[in-house]
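Trainee: Here it is, the structure in full.
Please treat every number below as a calculation from the coordinates, not as lab data. All of these numbers come straight from a predicted model, not from anything done at the bench. Cβ: placed from backbone, ideal geometry, glycine included. Neighbour counts: every protein chain shown.
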Ligand code: G3P
């Protein structure tokens, strides 16, 4: 499963990318607005962070027009900015039309704000590169976000659609793990959720004990980084 960070914050992206397990970033107008930086330069800076680490990333940048002509114009422009950019369009009828046009031109499109398997079926037919079902926001209204992901994965497998399932609106590690178990290709998550993936109290406690035991026997153990004595192997 690929891991994307659902943020436009450069510091969070740098931190995540430095660990070598992050494959991309999803931005949206709300996340970008929080950063208060010129959009183009900001998105290009995100792309550069991956480039410096030689990671061929996917960086979603969203259109803000609501008509298909406007979305296509903006999408063509966004796609010119950098090879990592994936154009994000909302899953309205206009968005699906724009997706069909952009995809036929070879531009990668991430169809966002997906809340039903029927929407996911349509965007796959329109040639979307990614489909973004929003799990947390469905849970928020007492529906089952993960069940939607399961159905989308099932439909895509039935028809061998190439569109990758990008599980979004992930609110905690269980959303990530369950999406992975269902076969979602990607999970995009806020930095806070990404950090939670690492955490276990037994890991911290276990390490504390290992280090205490090592310290107690330190004199006889020597230093790992000390140069080897001549004649020893
Ligand atoms: O890209 C944003 C999407 O993942 C939504 O997340 O937590 O605002 O529902 P959230």
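Trainee: Quickly work out the residue 67-to-residue 192 label distance, labels modelled 7 Å from Cα along the C-beta direction, and quote it in nm with one decimal.
Mentor: 3.9
Trainee: Sorting 107, 224 on the 10 Å Cβ count, fewest up front, what's the list?
Mentor: Sorted ascending by nearby Cβ count, the order is 224, 107.
Trainee: At 0.36 nm per residue, minus the direct Cα-Cα distance, what do residue 174 and residue 215 gain on full extension? Give it in nm, one decimal, please.
Mentor: 11.1 nm
Trainee: Related question: Between the helical axis of 145-159 and the dominant principal axis of the chain, each derived from Cα atoms, what acute angle in degrees is found, rounded to the nearest 10?
Mentor: Long axis of 145-159 versus the principal axis of the chain: about 70 degrees.
Trainee: What whole number of Å gives the distance from the Cα centroid of the range 190-233 to the Cα centroid of the range 89-134?
Mentor: Using only Cα atoms to place each centre, the spacing works out to 47 Å.
Trainee: Compute the angle between helix 93-104 and the longest alpha-carbon principal axis of the chain, please, reported from 0 to 90 degrees and rounded to the nearest 10.
Mentor: Rounded to the nearest ten degrees, it is 70.
Trainee: How far is helix 173-182 tilted, in degrees, relative to the longest principal axis of the Cα atoms in the chain, given as a value from 0 to 90 rounded to the nearest 10?
Mentor: 70
Trainee: Using only helices, what value at 222 nm comes out for the chain when you add -39,500 (n - 2.57) per DSSP H run of length 4 or more and divide by the total residues, to the nearest 500 deg cm²/dmol?
Mentor: -16000 deg cm²/dmol
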